[in-house]
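Undergrad: Here it is: the structure, laid out below.
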Amino acid sequence: MAQLTSDVEEHTALYVEAFNAGDVDAVNAMYTDEAVAVWEPGFPLTGQARIDSVREFLANGPKMTAVPQQSYVTGDTALLIVDWTIDTKDENGAPERLSGVGVDVLRKGTDGNWRYAIDDPYGEK
């Protein structure tokens with residue numbers, strides 16, 4: 001079950017919790033309907049492609065750590081800069097560590113909760 005929050009400072013921790021639990025529905029609920037995710041630099045995903053990508057990636061049981069470094073809010077829009085690491089497996093089943101500095105834009109919905117509008121985990125590239 002998605003744990004959405006009206007506190008932008010809590011959003012990353014709740015996302016990590018859902019991600020590490022492998023809860024595909026909860027992770028996907030943390031995005032706006034029209035959200036764009038750039039999990040592979042240069043290849044933005046939206047709609048069903050983004051939803052399917054979450055399901056596929058979480059099937060490998062990855063574990064994430066994420067620490068917000070900066071947070072800026074204006075009205076119903078927030079910018080988060082997040083250091084993150086994911087331990088997963090590569091296509092051959094060997095351990096693989098991914099890491100980056102995410103640049104995330106969140107939008108506050110009419111329900112008062114924050115959701116990703118743009119998720120760019122490799123925002124520093």
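The values are calculated or read from the model by the stated rules, or taken from the named source; none is laboratory data. Just so it is clear, the structure is predicted and the values come from calculations on it, not from any experiment. Here Cβ is always computed from backbone atoms with ideal geometry, including for glycine, and neighbour counts include all displayed protein chains. Surface accessibility is based on the protein's heavy atoms, side chains included, excluding ligands, DNA and RNA. Shrake-Rupley method; radii C 1.70, N 1.55, O 1.52, S 1.80 Å.
Undergrad: How high is the relative contact order of the range 29-125, in percent, counting Cα pairs under 8 Å that sit 6 or more residues apart? Present the calculation step by step, with values, prior to reporting the outcome.
TA: Numbers: 191 pairs, mean separation 28.3, N = 97.
The value is 29 percent.
Undergrad: Note down the net charge around Asp33, summing +1 for each Lys or Arg and -1 for each Asp or Glu among other residues with Cβ under 12 Å from its Cβ.
TA: Values: positive: Arg50, Arg107, Arg115; negative: Glu34.
That sum, taken over residues with Cβ under 12 Å, equals +2.
Undergrad: Pop out the ³J(HN,Hα) list for the range 89-98 in order, Karplus 6.51 cos²θ - 1.76 cosθ + 1.60 with θ = phi - 60°, rounded to Hz; leave Gly and Pro as x.
TA: 10, 7, 5, 9, x, 7, x, 9, 10, 10
Undergrad: Helix 47-58 versus the longest principal axis of the chain: what angle, 0 to 90°, nearest 10, using Cα atoms?
TA: The answer is roughly 50 degrees.
Undergrad: Still on this structure: For the chain, find the longest principal axis of its Cα atoms and tell me its angle to the long axis of helix 8-20, 0 to 90°, nearest 10.
TA: 30 degrees
Undergrad: In the neighborhood of Gln48, defined by Cβ-to-Cβ distances under 13 Å, what is the net charge if each Lys or Arg adds +1 and each Asp or Glu adds -1?
TA: Once all neighbours under 13 Å are counted, the net charge is -2.
Undergrad: Given a 10 angstrom Cα cut-off, can you work out which residue in Arg50, Arg115, Arg97 is the most mobile in a GNM of the chain?
TA: Arg97
Undergrad: How many Å² of accessible area per residue for the chain, probe 1.4 Å? Each step should come with its number before you reach the end.
TA: Working: 6930 Å² over 125 residues.
Heavy-atom SASA per residue in the chain reads 55 Å².
Undergrad: Net charge around Ala78, counting only other residues with Cβ within less than 15 Å of its Cβ (Lys, Arg = +1; Asp, Glu = -1)? Don't jump to the answer; show the numbers that get you there.
TA: Numbers: positive: Arg107, Lys108, Arg115; negative: Asp7, Glu9, Glu10, Asp76, Asp104, Asp119, Asp120.
Summing Lys/Arg as +1 and Asp/Glu as -1 gives -4.
Undergrad: Antiparallel as a % of all DSSP beta bridges within the range 2-125, to the nearest 5?
TA: In the range 2-125, DSSP labels about 90 percent of beta bridges as antiparallel.
Undergrad: Length gain on complete extension for the stretch Ser71 to Ala13, per 0.36 nm per residue less the alpha carbon to alpha carbon distance?
TA: 19.5 nm
Undergrad: OK, next. Give me the tail of P(r) for the range 31-125 as a percent: Cα-Cα pairs with distance above 16 Å.
TA: The calculated P(r) of the range 31-125 puts 60 percent of pairs beyond 16 Å.
Undergrad: Related question: Is there a quick way to get the dipole size of the chain? I mean about its Cα centre, with the Cβ of Lys and Arg at +1 and of Asp and Glu at -1; what is the value in debye to the nearest 20?
TA: Here the chain has a charge dipole of around 60 debye.
Undergrad: Right, here's the next one. Starting from the Cα coordinates of the range 1-55, work out the convex hull volume and express it per residue in Å³. If you can, show how the numbers build up before the last one.
TA: Numbers: hull volume 4.8 nm³, N = 55.
Measuring per residue, one finds 87 Å³ for the Cα hull of the range 1-55.
Undergrad: Right, here's the next one. If I compute solvent accessible area with a 1.4 Å probe over the protein chains, what percent of it on the chain is carbon and sulfur?
TA: So the carbon and sulfur contribution to the accessible surface is 52 percent.
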